[in-house]
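To keep things clear, I will list the structure first and then write my remarks on it.
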Amino acid sequence: AVAATYNGTSHKMSFYLNGVLQGTATAAQVFNAVGGTEIGSMEAAGVGHYQWWNGAVDEVNLYQRELTPAEVATMAGL
């Protein structure tokens, strides 16, 4: 299981693998995306969908807040 979190105030990103924190980073710049969320492809104005993921994507969850490390671990079954 892969999880990533982002804190909009501190700009801190965290990456988890199987519920265990693998690393953190701080975004130097924040990208202000427009439009809907794309899973399995990218979309650009005037181009449409492109760069399709060649595989399966399963059990995707999106949240409007940063998950705690404990929540990520619980979701991974730890």
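The values are calculated or read from the model by the stated rules, or taken from the named source; none is laboratory data. Predicted model only: the values in this text are computed from it and were never measured. Using ideal geometry, Cβ is built from the backbone for each residue, glycine included, and neighbour counts are taken over all protein chains shown. SASA here: full protein model, heavy atoms, side chains in, ligands and nucleic acids out. Shrake-Rupley method; radii C 1.70, N 1.55, O 1.52, S 1.80 Å.
Here are a few things to note about the model shown:
- Between Gly46, Gly23, Gly35, the Gaussian network model of the chain with springs among Cα atoms under 10 angstrom shows the greatest mean-square fluctuation at Gly46.
- Restricting the GluC sites (Glu not before Pro) of the chain to loop positions (DSSP other than H, G, I, E, B) with no more than 11 neighbouring Cβ atoms within 10 Å leaves Glu59.
- Sulfur and carbon atoms: percent of accessible area, the chain [1.4 Å]: 55
- Per residue, the chain exposes 82 Å² of solvent-accessible protein surface, assessed with a 1.4 angstrom probe and all protein chains in place.
- Evaluating 6.51 cos²θ - 1.76 cosθ + 1.60 at θ = phi - 60° for every residue in the range 36-51, the Karplus couplings come out as x, 7, 10, 10, x, 6, 10, 9, 9, 4, x, 10, x, 7, 7, 6 Hz, glycine and proline recorded as x.
- Ratio of the Cα radius of gyration of the chain to 2.2 N^0.38 Å, where N counts its residues: 1.26
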